[in-house]
Amino acid sequence: MDNGERVRHLTSNNTGEILEALRELKLDRETPPSDEVVEVGLELMKSPDAEVRYETVWALCLHWGHVRTLPMLRAMLEGQELDVEVLIIAARSLGSMVERGGLPDEESFKVLARVALDESADAELRGVAYVSLRAAAGLLPAREQALLPEDIRQLAVDWEWLRARAGVRSERS
């Protein structure tokens, strides 16, 4: 599917057609999304349908790592998103994109750290945020990352390091 056809499907009124186009975008390894596809995707990340938001984040962020989605991912993790599954894929994507980019992104680090520290958040979301942050910071090889549990309660967390990444003062201070 070329980008023009992809835009037509992504802007359809039919949710099934949108989801199918997003799934195809995830499977495509040849045709990076055009600027127009990314623009549509940024709007789909605000969709009232959680499945559409989830599939959009997976396709544009986790799969393609499109840097223009970073601000939207951060906003989702800072409270714009309520669906836990969407938040988990957003945290995974944010860490992956920063890691693949090879440049530390302090703003993204801070967002992931705050999610991991949020005791009112889902334990799996917190664990994914922590593991993604460690990987993005270059402290966790991919092989090790794949073997870790996702529930923060099952992880050996470096709380001091995590608070420092979030810009939170140490409890000992």
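The values are calculated or read from the model by the stated rules, or taken from the named source; none is laboratory data. Fair warning: this is a prediction, and the values are worked out from it, not measured in the lab. As a convention, Cβ positions derive from the backbone with ideal geometry for all residues, glycine included, and neighbour counts pool all protein chains shown. These area figures cover heavy atoms from the full protein model, side chains too; ligands, DNA and RNA do not enter into them. Shrake-Rupley method; radii C 1.70, N 1.55, O 1.52, S 1.80 Å.
Of note, Asp35 does not satisfy the criterion of being surrounded by fewer than 19 Cβ atoms within 10 Å (Cβ to Cβ) and within 20 Å of Asp151 (Cα to Cα). Can Glu78 be described as under 14 Å from Arg126 (Cα atoms), out of contact with any strand residue (DSSP E or B) (no Cβ under 6 Å at 6 or more places or on another chain) and among the acidic types (Asp, Glu)? In short, yes. Confirm whether Leu87 is part of a helix (DSSP H, G or I) and touching an Asp or Glu at 6+ places or on another chain (Cβ under 8 Å). Here the answer is yes, as Leu87 does meet what is asked. Inspect all residues belonging to the range 152-168 and state whether any of them is of a type in the set (Phe, Trp, Tyr), open to solvent by 40 Å² or more (accessible area, probe 1.4 Å) and not in a loop (DSSP other than H, G, I, E, B). Within the range 152-168 (the criterion being of a type in the set (Phe, Trp, Tyr), open to solvent by 40 Å² or more (accessible area, probe 1.4 Å) and not in a loop (DSSP other than H, G, I, E, B)), the answer is yes, since at least one residue qualifies.
All of Arg100, Arg53, Arg74 fail the test of being within 17 Å of Arg165 (Cβ to Cβ), in a helix (DSSP H, G or I) and not small (Gly, Ala, Ser), apart from Arg74.
Count, please, the residues in the range 1-32 that happen to be open to solvent by less than 60 Å² (accessible area, probe 1.4 Å) and among the charged types (D, E, K, R). Within the range 1-32, residues that are open to solvent by less than 60 Å² (accessible area, probe 1.4 Å) and among the charged types (D, E, K, R) number 3. The residues listed here are Gly95, Gly79; of these, the one that is part of a helix (DSSP H, G or I), among the small types (Gly, Ala, Ser) and open to solvent by 30 Å² or more (accessible area, probe 1.4 Å) is Gly79.
Of all residue pairs spaced 6 or more apart or on separate chains, those with beta-carbon atoms under 7 Å, a first member in the range 114-129 that is assigned to a loop (DSSP other than H, G, I, E, B) and a second member that is open to solvent by less than 30 Å² (accessible area, probe 1.4 Å) are Asp118/Arg126; Ala121/Val115.
Restricting attention to the range 130-151, and to residues there that are aliphatic (A, V, I, L, M) and without any contact (Cβ under 8 Å) to a residue 12 or more places away in the chain, which single residue is surrounded by the fewest Cβ atoms within 10 Å (Cβ to Cβ)? Among residues in the range 130-151 that are aliphatic (A, V, I, L, M) and without any contact (Cβ under 8 Å) to a residue 12 or more places away in the chain, the one surrounded by the fewest Cβ atoms within 10 Å (Cβ to Cβ) is Leu147.
For Glu107, the stated conditions hold: it is open to solvent by 30 Å² or more (accessible area, probe 1.4 Å), within 21 Å of Met45 (Cα to Cα), modelled with pLDDT of 90 or more and not hydroxyl-bearing (Ser, Thr, Tyr). Does at least one position in the range 121-130 carry a residue that is more than 23 Å from Val84 (Cα to Cα) and either in contact with a helix residue (DSSP H, G or I) (Cβ under 9 Å, 6 or more places away or on another chain) or at pLDDT 95 or above (or both)? For the range 121-130, residues more than 23 Å from Val84 (Cα to Cα) and either in contact with a helix residue (DSSP H, G or I) (Cβ under 9 Å, 6 or more places away or on another chain) or at pLDDT 95 or above (or both): absent.
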